[in-house]
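Beneath this line is the structure, given in structure tokens, with notes to follow.
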Amino acid sequence: MKQLFVKDLTRDTDVNDYFIVVRKGTYLSRNSTKYLSLRLRDRTGTIEGRVWERVDELGAGFERNDLVYVELKARMYQESLQLNVTNIRKVEHELSADELKEFYPESDAGNSDLQKSFALLVSGLKNPHLQALFVELRKRKDLLDKFFFLPASIGVHHVAIGGLLEHSVNLATMAKKIAPLTKTDEDLLVAGSLLHDIGKVEELTINGGFGYSDKGRLLGHITLGIMLCDGLIARIDGFPGYLGDVLKHIILSHHGEAEWGSPKRPMCLEALVIHYLDNLDAKVVGVREHMQEHMDDETWTQYHKLFESRFYKLPER
């Protein structure tokens, strides 16, 4: 499908091609002219675009996270490349896994290696009840396939094919190493890390691009994670009640605060550790991804609205 990628765009290039819409908003210019501001992406990066004519007509035809076909011209504006969009329409086409790879990068760690790391972490569990839980998860190939393929988020961190798996493996790897230092239950840390975002397999969906399911918008990945965990535990005879409660508490509290989406604050050491590791990995990778696409120069990034800061990139030595 794709012919020309963001990294290949140059000044005065005419483009008729496919992109994913990652941001959309209607604004007024200084002279009160209405325009549509867009950010478009493919696997090589994102770029700003503007619609100046037929704003209402064209804007009504697509939404954020849609796959669109765009007719445009690349031009320079305030020393940055910007797309002047003359026509844009939503493409009613469900992308296959191979087609999605044209629009989203794959995890740097490599999906095959990440799946091996996931299996190794699970095989290292000593608690027989937690082992049984992952046996049940492996029986749900529909869930596991999505878990291995989806990003961890749409636009904040680990925005890559396999990003959810990478984020979960990162947490479990860090948790395993930190367990002796924090005198916490290693098996519970590893299992909780691998399952803390499991609800995202039902919160996120694949259509034109990655987006949110109706169930995901209504319930959110924390609630969905509790429901999935309950369903798996129900299939295991003799699963200790306290263990299920603590594991679900980890899922419930991993965002840490109600304002960040957690109905409960962490109330055991293992939940506290996973909350801080989740926050650490999400923010570090989020800033690293910001650095890949939004550098003002070789040293400083553009302002990051979510983190409310610019970031300094160390010089290579």
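Given Cα pairs under 8 Å that are at least 6 residues apart, what percent is the relative contact order of the stretch 104-290?
Working: 274 pairs, mean separation 37.7, N = 187.
Relative contact order here is 20 percent.
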Residues of the stretch 29-60 with amide N under 15 Å of a point placed 7 Å along Cα→Cβ from Tyr77: 29-40, 47-55
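Give me the number: length gained by fully extending Lys215 to Glu63, i.e. 0.36 nm times residue separation minus the C-alpha to C-alpha distance, one decimal in nm.
Numbers: separation 152, 0.36 × 152 = 54.72 nm, distance 1.84 nm.
Roughly 52.9 nm would be gained on extension.
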Which of Asp17, Asp197, Asp296 fluctuates most in a GNM of the chain (C-alpha springs under 10 Å)? That residue is Asp296
What's the Cα-based Rg to Rh of the stretch 14-68, Rh via Kirkwood? 0.97
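Cα-Cα over 31 Å: which of Lys116/Lys248; Lys24/Lys146; Lys7/Lys177?
Where the Cα-Cα span goes over 31 Å, the pairs concerned are Lys7/Lys177.
As an exercise, identify the trypsin sites (Lys or Arg not before Pro) in the stretch 112-144 lying in DSSP coil whose Cβ has no more than 14 other Cβ atoms within 10 Å. Please list the in-between numbers first.
Working: sites: Lys116, Lys126, Arg138, Lys139, Arg140, Lys141; in loops: Lys126, Arg140.
Of the trypsin sites (Lys or Arg not before Pro), the ones in loops of the stretch 112-144 whose Cβ has at most 14 other Cβ atoms within 10 Å are Lys126.
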Helical segments meeting 15 Å axial Cα length and Kyte-Doolittle -0.5 threshold in the chain (DSSP H): 111-123, 128-139, 163-182, 214-233, 241-253, 269-293
Projected onto their principal axes, the Cα atoms of the chain stretch, largest extent first, over whole-Å spans of 66, 46, 35
If amide H atoms are built 1.01 Å from N in the plane of the peptide, which residues on other chains or at least 5 residues away come under 5 Å of the amide H of Ile161? Glu106, Ser107
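For the stretch 104-290, what is the Kirkwood hydrodynamic radius in Å, using each pair of distinct C-alpha atoms?
It is 16.3 Å.
Let me have the 222 nm mean residue ellipticity of the chain computed from DSSP H runs of 4+ only, each contributing -39500 (n - 2.57), with the sum over all residues rounded to the nearest 500.
The helix contribution divided over the chain gives -13500 deg cm²/dmol.
Between Thr33 and Met291, what is the FRET efficiency for a Förster distance of 25 Å, r being their Cβ-Cβ separation, to the nearest 0.05?
Numbers: r = 33 Å, r/R0 = 1.34.
That pair, Thr33 with Met291, gives E of 0.15.
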Dipole magnitude of the chain about its Cα centre (Cβ charges: Lys, Arg +1; Asp, Glu -1), debye to nearest 20: 340 debye
Within a Gaussian network of the chain (alpha carbon springs, distance under 10 Å), most fluctuating of Pro105, Pro263, Pro240: Pro240
What is the Cα coordinate range of the stretch 3-119 on the first, second and third principal axes, sorted by size from largest, in whole angstrom? 58, 31, 24
Considering the Cα positions of the stretch 84-152, please state its Rg to one decimal place and its Dmax as a whole number of Å. 17.6, 60
Note on the chain: contact order normalised by length, alpha-carbon pairs under 8 Å, 6 or more apart, percent, works out to 12 percent
Modelled label reach - Val284, point 7 Å along Cα→Cβ, the stretch 143-157 residues with backbone N closer than 19 Å: 152-153, 156-157
Sequence-distant aspartates and glutamates (8 or more away, or on other chains) whose Cα lies within less than 17 Å of Lys2: Asp14, Asp17, Asp42, Asp66, Glu71, Glu92, Glu94, Asp98, Glu99, Glu102, Glu106
Just to be sure I understand: with springs between alpha-carbon atoms less than 10 Å apart, which residue in Asp66, Asp113, Asp187 has the highest mean-square fluctuation in the Gaussian network model of the chain? Asp113
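Every number here is computed from the coordinates shown, using simple stated rules; none is lab data. Quick caveat, the model's predicted, so the values are computed rather than measured. Heads up, the Cβs are rebuilt from the backbone with ideal geometry, glycines too, and the neighbour counts pull from every protein chain shown.
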